[in-house]
1. For residues in segment 108-117 being under 19 Å from residue 75 (Cβ atoms) and modelled with pLDDT under 95, which is farthest from the chain's Cα centre (by Cα)?
2. Filter segment 118-133 down to the residues that are surrounded by 10 or more Cβ atoms within 10 Å (Cβ to Cβ) and free of Cβ contacts under 8 Å to residues at least 12 places away in the same chain, then identify the one that is nearest to residue 74 (Cα to Cα).
3. Filtering segment 59-92 down to residues that are part of a strand (DSSP E or B) and in contact with a helix residue (DSSP H, G or I) (Cβ under 8 Å, 6 or more places away or on another chain), which residue is farthest from residue 140 (Cα to Cα)?
4. Name the pairs: first residue in segment 134-146 and touching a residue at least 12 places away in the same chain (Cβ under 8 Å), second residue surrounded by 10 or more Cβ atoms within 10 Å (Cβ to Cβ) and in a loop (DSSP other than H, G, I, E, B), Cβ to Cβ under 8 Å, at least 6 apart or on different chains?
5. Go through segment 4-30 and report how many residues are outside any strand (DSSP E or B) and touching a residue at least 12 places away in the same chain (Cβ under 8 Å).
6. In segment 43-58, what count of residues is obtained for those that are part of a loop (DSSP other than H, G, I, E, B) and either within 11 Å of the chain's Cα centre (by Cα) or surrounded by 15 or more Cβ atoms within 10 Å (Cβ to Cβ) (or both)?
7. Select, from 24, 34, the only residue that is over 15 Å from residue 141 (Cα atoms) and in contact with a strand residue (DSSP E or B) (Cβ under 6 Å, 6 or more places away or on another chain).
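The values are calculated or read from the model by the stated rules, or taken from the named source; none is laboratory data. These numbers come from a predicted model, not from an experiment. Every residue, glycine among them, receives a Cβ derived from its backbone with ideal geometry; neighbour counts consider all protein chains shown.
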């Protein structure tokens, strides 16, 4: 069975990049720098992922976390694998700031929504690409944005 991205994620996010094992998404809400990693699997729970995919997901999470902390405004990172609405396995990595509209509360289900301008998404993607190049990580294909 071929991997298919959940429709809700497809509609709510920009696909920034793809690795052999996952997709890297940016939630379309400019109030938060909110990345989502979606492993290419039908498995819905983190503990059920094969150990190799768990390790890959952890490495990618660490990479994106470092990117957020060093390239985008961030006072605290929130990392979670929550899938009550979207059951497809995915990992949230959210750069929180003390000035974001939900601080210090949770961001899940927030009514604070503001779509990104495409040029801002392109800038984030470009920074991410440069960050990966600096880290000498080449096994990532960056998606064309429209």
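1. Selected residue: 110.
2. Among them, the one singled out is 123.
3. Initially, segment 59-92 is screened for residues part of a strand (DSSP E or B), giving 76-80, 91-92.
From the residues that got through so far, the ones that are in contact with a helix residue (DSSP H, G or I) (Cβ under 8 Å, 6 or more places away or on another chain) too are 77, 79, 91.
Values: 77: 23, 79: 21, 91: 18 Å.
Top of the filtered list is 77.
4. As it stands, the answer is 139/19; 140/19; 141/19, since those pairs meet every condition given.
5. 11
6. Residues meeting the conditions: 1.
7. 34
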